[in-house]
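Just below is one structure, and these are the notes that go with it.
The values are calculated or read from the model by the stated rules, or taken from the named source; none is laboratory data. Bear in mind that the values here come from a model prediction, so they are computed numbers and not experimental data. In this analysis, Cβ positions are derived from the backbone assuming ideal geometry, glycine residues included, and neighbour counts consider all displayed protein chains.
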Amino acid sequence: MQGSANLNIMIKAARKAGRSLVRDFREVENLQVSVKGPGDFVSKADVAAEEIIREELMDARPNYGWLGEESDGVAGKDPTRRWIVDPLDGTTNFLHGMPHWAVSIALEFKGEIVAAVIFDPVKDELFYAEMGAGAWRNDSQRLRVSGRRRMADAVFAAGLPPDGGAFLPEMLQDLARLMPKCSGMRR
């Protein structure tokens, strides 16, 4: 892989956390699960994966800040850089035994995301991007934006908040406007 040192650190952390999560995913019915809120679960696996990532990233770059989904944010000595982590993006799928979840790590510099890694350990697929270097899948496939220009030629997908959330009515109105204009929704 031809990425920066920071990107390589992110990839190493994502893969390490992914290995831990896959072990727990194989035994998902035995996980101890606690409820954060209606429909929004957090498992021991989620917390453990975040700790793995935090240890890897903060050992490599102790002056950077930290923002994790399962822990409190920490301001770093370097106020311009911060790790942003969702150790188990797709917790609900994970807890229901559905193999559609990933490890997500980003690096923020002066308020802008400059590098990101998404690792799907079930499929062993790694997606990463770095400002100025493009986006890639598994080191060999360059990702590019589609040339489609019309909504009718696009495929649209959305995730809704598991607890409904305060924005659900507004989101449903937006979906009602968008979906009829997208591919597969025309009659």
_Count of residues meeting criterion [part of a loop (DSSP other than H, G, I, E, B) and either within 18 Å of the chain's Cα centre (by Cα) or surrounded by fewer than 11 Cβ atoms within 10 Å (Cβ to Cβ) (or both)] in segment 127-143_ = 4
_Any chance Arg54 is assigned to a helix (DSSP H, G or I), at pLDDT 95 or above, on the phi < 0 side of the Ramachandran plot and touching a helix residue (DSSP H, G or I) at 6+ places or on another chain (Cβ under 9 Å)_ = yes
*Please go through segment 102-126 and pick out each residue that is in a loop (DSSP other than H, G, I, E, B) and either out of contact with any helix residue (DSSP H, G or I) (no Cβ under 6 Å at 6 or more places or on another chain) or without any contact (Cβ under 8 Å) to a residue 40 or more places away in the chain (or both).*
Lys110, Gly111, Val122, Lys123, Asp124
*Residue check: is Ser146 crowded, with 18+ Cβ neighbours inside 10 Å, under 30 Å from Ala176 (Cβ atoms) and of a type in the set (S, T, N, Q)?*
no
*asked:* So, in segment 63-94, exactly how many residues are outside any strand (DSSP E or B) and either touching a residue at least 12 places away in the same chain (Cβ under 8 Å) or touching a strand residue (DSSP E or B) at 6+ places or on another chain (Cβ under 9 Å) (or both)?
replied: 17
*Only one of these conditions is not met by Leu160: (1) closer than 23 Å to Gly90 by Cα; (2) touching a strand residue (DSSP E or B) at 6+ places or on another chain (Cβ under 9 Å). Which number is it?*
(2)
*Applying the selection to segment 114-126, what residues are more than 18 Å from Val28 (Cβ to Cβ) and buried (at least 17 other Cβ atoms within 10 Å of the Cβ)?*
Val114, Ala115, Ala116, Val117, Ile118, Phe119, Leu126
_Just to check your reading of the model, which residue among Gly159, Gly76, Gly111 is of a type in the set (Gly, Ala, Ser), assigned by TED's automatic domain parsing to the domain that holds Arg61 and surrounded by fewer than 13 Cβ atoms within 10 Å (Cβ to Cβ)?_
Gly111
